[in-house]
1. Mind checking whether some residue in segment 112-126 is among the hydrophobic types (A, V, I, L, M, F, W, C), buried (at least 20 other Cβ atoms within 10 Å of the Cβ) and in contact with a helix residue (DSSP H, G or I) (Cβ under 9 Å, 6 or more places away or on another chain)?
2. What about residue 107, is it over 21 Å from residue 42 (Cβ atoms), surrounded by 14 or more Cβ atoms within 10 Å (Cβ to Cβ) and either in contact with a Gly (Cβ under 7 Å, 6 or more places away or on another chain) or touching a residue at least 60 places away in the same chain (Cβ under 8 Å) (or both)?
3. Out of 168, 174, 158, 130, report the one residue that is touching a Ser or Thr at 6+ places or on another chain (Cβ under 8 Å) and hydroxyl-bearing (Ser, Thr, Tyr).
4. Would you confirm whether any residue within segment 145-159 is under 30 Å from residue 77 (Cβ atoms), in contact with an Asp or Glu (Cβ under 9 Å, 6 or more places away or on another chain) and either crowded, with 18+ Cβ neighbours inside 10 Å or not hydroxyl-bearing (Ser, Thr, Tyr) (or both)?
5. Mind checking which residues of segment 1-51 are in contact (Cβ under 8 Å) with a residue 24 or more places away in the chain and at positive phi?
6. Among the candidates 49, 61, single out the residue that is closer than 19 Å to residue 138 by Cα and either at pLDDT 95 or above or surrounded by fewer than 20 Cβ atoms within 10 Å (Cβ to Cβ) (or both).
7. Just checking: which of the helices (runs of 4 or more DSSP H) contained wholly in segment 64-180 hold 3 or more residues that are under 20 Å from the mean Cα position of the chain (by Cα) and at pLDDT 95 or above?
8. Test residue 142 against the criterion of being surrounded by 20 or more Cβ atoms within 10 Å (Cβ to Cβ) and among the aromatic types (Phe, Trp, Tyr), and give yes or no.
Amino acid sequence: MFDFTSADIQRYAVMAPGLLVALVFHEVAHGYVAYLLGDPTAKSQGRLTLNPLKHLDPLGTLAFFFVQFGWAKPVPVNARYFRDPRKGMMYTAMAGPGINFTLAALFALAFHMLGAFGVTGRSSLYAITYFGVFVNLILGAFNLLPIPPLDGSNVVAYFLPPRAAYKYMSLSRYGFIILIGVILLGRFTGFSLVGEIILPFVTGFASLLGIPM
């Protein structure tokens, strides 16, 4: 039985808006770029909307309450509609992390504006903008990892010979297992996927945005 304290509820309350915005915009960005490139799949399935109910994944939502991170339902993309399928998939993949980094900058701007007006400290709005920066940076950086089916894999696949790209992307069915394997391996080797790759990127980007750690 999980026992949520008032402090837990308050923490989730200030983290949830940034995560919700990050996940929804991430998926809509994928679908919208695919639509611009000729793929109507996401639009026909009603996924080019900012309505979170169209994007939230039940398991991903539950994960947020237990591990403070979550995920949304992937937007469907059909590369056969693209004039250049490999390039189209690369652009579509880059759109997700790209919008997350843009949102991080916008949350940072709001954070600094609130500070300029004296809204700091224990203000919930101040905390929401602060967490909004890091949630978007983490989500963007995580999705750029070159592990199929994460977005970074489609970028890598574009630069590989077609046969090698096909074999590489066929690993998508094992993507979750690979991620878990890398994380568990880190416990024995001292290599941390988050600590060695994602965290330095996030702290560096946050520093450029003037956000304290």
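The values are calculated or read from the model by the stated rules, or taken from the named source; none is laboratory data. From a predicted model like this one, the values you see are computed outputs, not experimental measurements. FYI the Cβ positions are ideal-geometry reconstructions off the backbone, even for glycines, and counts take in every protein chain you see.
1. No, segment 112-126 has no match at all.
2. Yes: the conditions hold for residue 107.
3. The unique qualifying residue is 168.
4. Looking for residues that are under 30 Å from residue 77 (Cβ atoms), in contact with an Asp or Glu (Cβ under 9 Å, 6 or more places away or on another chain) and either crowded, with 18+ Cβ neighbours inside 10 Å or not hydroxyl-bearing (Ser, Thr, Tyr) (or both), one finds at least one in segment 145-159, hence yes.
5. Selection gives 38 alone.
6. 61
7. In segment 64-180, the matching helices (runs of 4 or more DSSP H) lie at 85-116, 124-143, 151-158.
8. Yes, satisfied.
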